[in-house]
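Following: one structure in C-alpha cells, then a few remarks.
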Amino acid sequence: MGSESLSFKGLSGISFVAVPTADGGTITTLKLEADEITISGFSLTVRPPEEDEGLVTKADKMTLKGDVSVYIGSITATTKNGDSLTLGPETPPPMDDVEPGLLRVTMGLVGSTADSITYSNTDQKLKEA
C-alpha cells in the first residue's frame, strides 16, 4: 500500500501482534489503533501468489473511521530531509529523533478493520505482473 500522506485522529495504540495466516502459521505485524486514519494519494496492489495479474487500486483518499485497526508488516518512508526510514517487527525505530512528517509512505499492508471505510475518486485496473 502506498500513500502521499497519512493522518491519525485519536491514536490509541501501537503494538506488535501475531496475526494468523491461511497456512495455519502467524506473521508478526505492527498494529495501529485509532478513531480515524486518512490516507491521501492511496494506492494498493494485490497479486495472489502464482498469478500473472494483480489488481491495482488508486484513490485520492481512503478514510477509515470508528474502531480502526490496521495491521502492517513494515513501513518505509522518506523523511523531510530525504533520508529513508523503515519500521517493522525486525526494524525498530532509530534512537535519534525523526522530524515529524513522512513523505512517500509505502506499507506492507496485512489487513485493516473499521466501522466505515470510504474512498474518493477510485480507479481499479488489472495489470500483468
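The values are calculated or read from the model by the stated rules, or taken from the named source; none is laboratory data. All values reported here derive from a predicted model rather than from experimental measurement. Neighbour counts are summed over all protein chains in view; Cβ atoms, including those assigned to glycine, are modelled from backbone coordinates with ideal geometry. Protein only, heavy atoms only, side chains kept; ligands, DNA and RNA dropped before computing areas. Shrake-Rupley method; radii C 1.70, N 1.55, O 1.52, S 1.80 Å.
Assorted remarks:
- Ser43 falls short on exactly one of the conditions (1) of a type in the set (Gly, Ala, Ser); (2) modelled with pLDDT under 90; (3) within 18 Å of Gln124 (Cβ to Cβ), and that condition is (2).
- Filter pass, Gly10 being more than 14 Å from Ser112 (Cβ to Cβ) and at pLDDT 90 or above: yes
- Pro48 meets each of the listed conditions (1) at pLDDT below 90; (2) more than 15 Å from the chain's Cα centre (by Cα); (3) under 16 Å from Ser3 (Cα atoms) apart from (3).
- Selection within segment 45-78: residues that are among the aliphatic types (A, V, I, L, M) and open to solvent by 40 Å² or more (accessible area, probe 1.4 Å). The member of this set that is farthest from Met107 (Cα to Cα) is Leu55.
- The one condition in (1) part of a strand (DSSP E or B); (2) open to solvent by less than 90 Å² (accessible area, probe 1.4 Å); (3) modelled with pLDDT of 90 or more that Gly24 fails to fulfil: (1)
- Some residue of segment 110-121 being surrounded by 14 or more Cβ atoms within 10 Å (Cβ to Cβ), among the hydrophobic types (A, V, I, L, M, F, W, C), modelled with pLDDT of 80 or more and not in a strand (DSSP E or B): yes
- Selected residue (only one of Glu99, Glu128, Glu90 is at pLDDT below 85 and under 18 Å from Glu4 (Cβ atoms)): Glu99
- Test for Asp35: is it of a type in the set (D, E, K, R), open to solvent by 60 Å² or more (accessible area, probe 1.4 Å) and either modelled with pLDDT of 75 or more or within 26 Å of Val19 (Cα to Cα) (or both): yes
- Where a residue in segment 68-88 is outside any strand (DSSP E or B) and its partner, wherever it lies, is exposed (fewer than 13 other Cβ atoms within 10 Å of the Cβ), with Cβ under 6 Å and at least six apart: Lys80/Glu99; Lys80/Gly101
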